[in-house]
Amino acid sequence: MQPIQIVFPDWIDGYLARYPTHFSDDRQRMALVLDLAREHVRLGTGGPFSAAVFAARDGRLLAVGVNLVLSSGCSSAHAEMVAIASAQQRLGHQDLRQAVPGGCTLFSSAEPCAMCMGALPWSGIERLVCAARDEDVRAIGFDEGHKPPDWVAGYAQRGIDVTRDLLRDEAIEVLNHYAATGGQIYGPGCAMAE
């Protein structure tokens, strides 16, 4: 058996070196996430999605993720999943709530798909901040899976606060650019280019 390997694109570390290690507000955190998505699309290293995990108390960047489904051949390598897994491995604990005093916030370039939605409560994330909405992602052809219409209320019942639409227009621009430049649309129900 081979071990599961999800490998970041070579450019990520150098790109992140240009940014601070702590971010003072939500707009700065989301701006980083959208910058990662833009660069990912520009360099052709994957889908138009990115995410980052921050310490809630001080805005410290703990981990990032970009969509690595195509490069890894792994359908679970969504940006949110990659960011969460990277933070968990870096901190040495599967429950981010326990690993980081004050908890963690996940910033995502888009609302979570059905798979990522299920992973957040298991990860210990206590807050989710999203840019693009589900319908924005579906508009360019991605299948987000079945999601309950009251998913935000469902998260609230589990103690996860959700902020939507932060820099949504910028996130939509990234999605539209990806589609307009021939980015591959992949996933269940999506026609895969041969």
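What to note about this one:
- Placing dummy labels 7 Å off each Cα toward the beta-carbon, the span from residue 133 to residue 150 is 1.9 nm.
- Full extension of the chain between residue 42 and residue 1 yields a length gain of 11.3 nm, computed as 0.36 nm times the residue separation minus the alpha carbon distance.
- Where (1) 9.8; (2) 11.0; (3) 12.9 are the candidate values, the label of the one calculated here for mean projected area of the Cα convex hull in nm² is (2).
- The fraction of accessible area contributed by carbon and sulfur in the chain is 51 percent, rounded to a whole number (1.4 Å probe; ligands and nucleic acids excluded).
- Mean residue ellipticity, 222 nm, helices only, the chain: the sum of -39500 (n - 2.57) across DSSP H runs of n ≥ 4, divided by residue count and rounded to 500, is -11500 deg cm²/dmol.
- Accessible surface area normalised per residue over the range 29-181 is 41 Å², counting heavy atoms of protein chains with a 1.4 Å rolling probe.
- Applying 0.36 nm per residue to the separation of residue 25 and residue 97 and subtracting their alpha-carbon distance, the gain on full extension is 23.9 nm.
- Considering only alpha-carbon pairs that sit under 8 angstrom and 6 or more positions apart, the relative contact order computed for the chain is 18 percent.
- DSSP beta bridges confined to the range 40-184 are antiparallel in about 55 percent of cases.
- Potential lengthening between residue 70 and residue 10 on full extension [0.36 nm per residue; Cα-Cα distance subtracted]: 20.1 nm
The values are calculated or read from the model by the stated rules, or taken from the named source; none is laboratory data. Quantities reported herein were computed from a predicted structural model and do not represent experimental measurements. Cβ atoms come from the backbone with ideal geometry, glycine included; neighbour counts cover every protein chain shown. These area figures cover heavy atoms from the full protein model, side chains too; ligands, DNA and RNA do not enter into them. Shrake-Rupley method; radii C 1.70, N 1.55, O 1.52, S 1.80 Å.
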